[in-house]
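Input: a single structure, listed below in structure tokens.
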Amino acid sequence: MGRYRDEVNLKTAIMSFINAVLNAGTGEENLEFRLHLRYEFLMLGIQPVIDKLRGHENATLDRHLDFFEMVRNEDDLELAKRFDVVHIDTKSASQMFELIKKRLKHTDAYPYLLSFLHHCLQMPYKRNGGNFQQWQLLDRILQQIVLQDERGDDPDIAALENFNVKNIIKMLVNENEVKQWRDQAEKFRKEHTELMSRLEKKERECDIKTQEKDEMMKTLNKMKDKLQKEALELRQTRDQMTDLVAQLNEFSV
């Protein structure tokens, strides 16, 4: 009986420690850290152990188990609210994917989700699981993105060495700014080229109109010269007619 009591006391102490790790210190105000660490426990198989511990029917142990489940349910509900659902089945890859897809569908982040999935398709794969380390690395990187704060501090004791999310994001922001400036410069270059093309077109039109004007002036000057010449010939003809009429008058006297 004493050995059984010691065993139950030890299991109670372990559950008390797990709850303290989850809810004290960093986990007290950090939902992401609680979700992360609790998921690690669940991946290690704590849920079947909890179900088994219920069989001891020990009031003190049950209080720690109930507290673990209560905070877990509260955190799960808080996470679900972010996606406007009641519950997220974290064992269902399809449901988690659909929620992420729905959230990012019409945002600037969506192309990067597609790129991420596209490169996941190209990840090494062996049926015997010999290349799981690449997927483990990918998982660790995502954990750091979620857990690191603005200062680059990480509550995870197994953080990746020299992996500073803030610095990487700053680098990406600068890269995106450079891309935006390049796009803007390219836009201005195209607008400048278009304006120059329009200006050259206007200049050609002006040249054509100037040529047309010059040709018209030449035509008018020719017509003027012709009219002047015809007027002179008309006067000469008139003078000749006058002389002929005068001569006829002399002959008739």
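Quick check on the range 39-91: take the gyration tensor over C-alpha atoms, sort the square-rooted eigenvalues as a ≥ b ≥ c, and tell me if it's rounded (a/c under 1.5), prolate or oblate. Provide the component values of the computation, followed by the final result.
Numbers: a/c = 3.20, a/b = 1.85, b/c = 1.73.
Here the range 39-91 falls in the prolate category.
About the Cα centre of the range 1-148, what is the dipole size in debye to 20, counting +1 per Lys and Arg Cβ and -1 per Asp and Glu Cβ, all else neutral?
With Lys and Arg at +1 and Asp and Glu at -1, about 560 debye.
Using a simple spin-label model with points 7 Å from Cα along the Cα→Cβ vector, what separation in nm is obtained for GLN211 and LEU248?
5.5
Just to confirm a number: summing +1 for Lys and Arg and -1 for Asp and Glu over residues other than TYR110 whose beta-carbon lies under 15 angstrom from that of TYR110, what do you get?
+2
In terms of Cα to Cα distance under 26 Å, which lysines are near enough to LYS102, apart from those fewer than 8 places away along the same chain?
Those lysines meeting the cut-off are LYS81, LYS91.
With a Förster radius of 30 Å, plug the Cβ-Cβ distance of ILE14 and PHE116 into 1/(1 + (r/R0)^6) and report the FRET value to the nearest 0.05.
On the way: r = 38 Å, r/R0 = 1.25.
Result of the calculation: an efficiency of 0.20.
Would you mind computing the Rg to Rh ratio of the range 1-144 from its alpha-carbon coordinates, Kirkwood style for Rh?
Ratio of gyration radius to Kirkwood radius for the range 1-144: 1.06.
Under 18 Å Cα-Cα from LYS101, which aspartates and glutamates qualify once same-chain neighbours fewer than 8 residues away are excluded?
Here the aspartates and glutamates satisfying the reach criterion relative to LYS101 are ASP84, ASP89.
Mind checking the range 57-130 for GluC sites (Glu not before Pro) that DSSP puts in a loop (not H, G, I, E or B) and that have at most 11 other Cβ atoms within 10 Å?
Listed in order of number, the matching sites are GLU57.
Give the residue from SER94, LEU104, MET123 lying farthest towards the positive end of the charge dipole for the range 64-147; charges sit on Cβ (+1 for Lys and Arg, -1 for Asp and Glu) and the dipole is referred to the Cα centre.
The one lying farthest along the dipole's positive direction is MET123.
Just so you know, all these numbers are worked out from the coordinates, no wet-lab data involved. Here the structure is a predicted model, which is why all the values come from computation and not from measurement. All Cβ positions, even for glycine, are placed from backbone atoms using ideal geometry, and neighbour counts span all protein chains on display.
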